[in-house]
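Colleague: Below is the structure I would like to discuss, written out as structure tokens.
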Amino acid sequence: MTPSELTDELRRLETELGMTVELAENLAAADALDADLYQVLRRIRDLRWLQTA
């Protein structure tokens, strides 16, 4: 995945999430995030990790 594809995918996932990543993280910590949205959040986390690698 190229850096530009990675950025595009992150934007698409953040739109799919429908809220800020920070809010989703807080909801996940409180065990209040929908399971499907949690999967989106996990993918965002993974891709952000790849950006830093």
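The values are calculated or read from the model by the stated rules, or taken from the named source; none is laboratory data. Fair warning: this is a prediction, and the values are worked out from it, not measured in the lab. Every residue, glycine among them, receives a Cβ derived from its backbone with ideal geometry; neighbour counts consider all protein chains shown. With ligands, DNA and RNA removed, areas are computed over all heavy atoms of the protein, side chains included. Shrake-Rupley method; radii C 1.70, N 1.55, O 1.52, S 1.80 Å.
Colleague: What is the sum of charges around Leu33, taking Lys and Arg as +1, Asp and Glu as -1, for the other residues whose C-beta is under 11 Å from the C-beta of Leu33?
Modeller: That sum, taken over residues with Cβ under 11 Å, equals -3.
Colleague: What whole-number value in cubic angstrom gives the convex hull volume per residue for the C-alpha atoms of the chain?
Modeller: Enclosed volume per residue, from the Cα hull, is 70 Å³.
Colleague: Under the Karplus relation 6.51 cos²θ - 1.76 cosθ + 1.60, θ = phi - 60°, what is the ordered set of whole-Hz ³J(HN,Hα) values for region 3-14, x standing for Gly and Pro?
Modeller: Values per residue, Gly and Pro as x: x, 5, 5, 4, 5, 4, 5, 4, 4, 4, 5, 5 Hz.
Colleague: Oh, and also: Hey, what do the phi angles of region 18-32 turn into as Karplus ³J(HN,Hα) couplings, whole Hz, using 6.51/-1.76/1.60 and θ = phi - 60°, x for Gly and Pro?
Modeller: x, 7, 5, 5, 4, 5, 4, 4, 5, 5, 5, 5, 8, 6, 10
Colleague: I've got another one for you. Starting from the Cα of Arg48, step 7 Å toward the Cβ, then list every residue of region 1-23 with an amide N under 19 Å from that point.
Modeller: Counting backbone N atoms under 19 Å from the label point, the list is 3-23.
Colleague: Would you work out the relative contact order for the chain, in percent, from Cα pairs under 8 angstrom that are 6 or more residues apart?
Modeller: 44 percent
Colleague: So what is the accessible area of the chain per residue, in Å², with the probe set to 1.4 Å?
Modeller: 72 Å²
Colleague: When the helices in the chain are scored as -39500 (n - 2.57) per DSSP H run of 4 or longer and the sum is shared across all residues, what 222 nm value do you end up with, to the nearest 500 deg cm²/dmol?
Modeller: Helix-only estimate at 222 nm: -25500 deg cm²/dmol.
Colleague: Given a 1.4 Å probe and every protein chain left where it sits, what share in percent of the accessible area of the chain is carbon and sulfur?
Modeller: Working: 1950 of 3840 Å².
Of the solvent-accessible surface of the chain, carbon and sulfur hold 51 percent.
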